[in-house]
1. Set the Förster distance to 56 Å, then compute FRET efficiency between residue 12 and residue 255 from the Cβ-Cβ distance, nearest 0.05.
2. Which pairs in the list 41/190; 49/293; 16/212 are over 32 Å apart, alpha-carbon to alpha-carbon?
3. Pulled fully out, how much extra length does the chain show between residue 54 and residue 391, if you take 0.36 nm times their separation in residues and subtract their Cα-Cα distance?
4. Apply the Karplus curve 6.51 cos²θ - 1.76 cosθ + 1.60, θ = phi - 60°, to the phi angles in the stretch 252-268 and return the couplings in whole Hz, x for Gly and Pro.
5. Net charge around residue 256, counting only other residues with Cβ within less than 12 Å of its Cβ (Lys, Arg = +1; Asp, Glu = -1)?
6. Hey, what's the Cα Rg ratio for the stretch 1-42 versus the globular rule of thumb, 2.2 N^0.38 Å?
7. Skipping prolines and chain starts, which residues have an amide H placed within reach, meaning under 5 Å, of the one on residue 332, given they are 5 or more residues away or on another chain?
8. Whole-Hz Karplus ³J(HN,Hα) for the stretch 67-74, in order, using 6.51 cos²θ - 1.76 cosθ + 1.60 and θ = phi - 60°, x for Gly and Pro?
Amino acid sequence: MWNFIGNNSGTDYNFKIYRTEIARRGSLLVQPMSNVSPGSKLVAMPMFKQGLLQQGGPADIMARRIVNAGASPNPYAFPNMVCEHTQFTDGSNPYYPNGLCMSPAVNISGTTPFSCETGGGDNDASDGACPTIDSNGVASTDPMDQTTFDKVTFWGQCPGSPTCGTIAESVALGSNLDDQSWYNPLDVAKGHRGYLWRDMVVAMYAWSPNWKRNAIGNDRYELYIRRSFDGGKTWTTTPATWGGTGTTTCEFMRDGAIANDATQVCTTYVAGAAEQARNVSQLQTTDGTATYKFTILDPRYAPDPPTMSDIGMLGDGVYDPDSDQFNPSRFFVVYENGDNTTTADGEPEALDLSYGRAVRFGDHYQVGATEADMENTCNTVVPGFCNEFETLTTGSNVSAEEASLVMSPSGDTLYSAWAQFSTVPLPPEDPLSFAAYARVWYTDAWIAWTAPDAPPVDDPVVGDGDTYL
């Protein structure tokens, strides 16, 4: 392709440059050293969007783990990035001055298509067979093909789905956590955000199983949340040692001629079990059926801020243990509902905002249910599936977007501000938009929590030197 040889010196400058996928839109998950657990030693976990094609094309949400491994005086430096197979760490390649990680990133959004049909794009020229790879990593279809698209109707994440390992596609792919994005060239993910607290990782993103249909409003984004309690190595429900008792999650598939015909698949997990990403938005019509009328735009989260160390010793009588005492088992989620009927004409328009509070470190989401008696007070028709969200937006004939939120240390209060717009004509002197604010107060008491350190491990990192053969 090129031949870089010095004209006078004859020096060979033909160093290797690896062809890679397109990575963009970094989101930095980081925590201070005072929070870092001696178990996982996780200090940062940058997430990014990665795919083969253009903006809006198929992509997954990837992450890299950075641990305090002692490979650099700076615990956040590149040599401390977890990587099993490395190359050029001796500085022999100027294109990779600190080395190159040859191991795949953690694929947080990766899925295995279990069932497909024709009609996933602009035509029905597809064969209806799900894309997969063989034992040598060779794809069954060209992931760069932009002419035919299968429609994914059923899917799962492995480990986590009960279907894992029971069909050929799942056997071929195994765990999705080390997938390249092109292993499944039909899905798309965006809006990745999250936070770290000791060994816990909370990651959220919007995802659709059929990116080509989604681009014209014939599929939808839903909001998904995953959790890890060992620094991002495994993704599970809340372990029993953290107070978990198990949970149930549900998903609307894409079978049926229209969205309303979709099958709802629910999975019950025990405490600490490998778990698929949880669909927390559950976009439905008023009769509880799935719909393509709505989609997810910009999700937001609010983790617990730490309690001031002297807040109970000020002597001013304002300390409230039910509000001011730190409780990391709770966090808030706000997502933006979009009008998917306008997607084909350009982009979905913002509609309103929904909020919910995660409890038991994210096993359940509640608004009206009682945290201490979740199983008996949550409003659900599926036993164990507590996923309550309500509208945050105030007023009528308005739309809302771009929420900003914080919460009290104990998680009993959500404070949120957002941009609000009128959806009806206004007099010329009235503003088209304004900043709106709301406070949501939960009246339940502070609840005890436990979060033991993960077992200590020594992960291989870039700073260990070349291991790639």
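1. Working: r = 57 Å, r/R0 = 1.01.
According to the calculation, E is roughly 0.50.
2. Values: 41/190 28 Å; 49/293 25 Å; 16/212 34 Å.
Over 32 Å apart, Cα to Cα: 16/212.
3. On the way: separation 337, 0.36 × 337 = 121.32 nm, distance 3.40 nm.
Length gained between residue 54 and residue 391: 117.9 nm.
4. 8, 7, 10, 7, x, 5, 10, 4, 4, 8, 5, 7, 9, 10, 10, 10, 9
5. Values: positive: 151, 254; negative: 117, 255, 261.
Net of charged neighbours comes to -1.
6. Numbers: Rg = 21.2 Å, N = 42, 2.2 N^0.38 = 9.1 Å.
Compactness ratio reported: 2.32.
7. It is 302, 358, by chain and number.
8. 10, 7, 8, x, 6, 8, x, 8
Read the figures in this text as sums done on the coordinates, not as results from a lab. Being a predicted model, the structure only gives us computed values, none of them experimental. Glycine also receives a Cβ, built like all others from the backbone with ideal geometry; neighbour counts cover every protein chain displayed.
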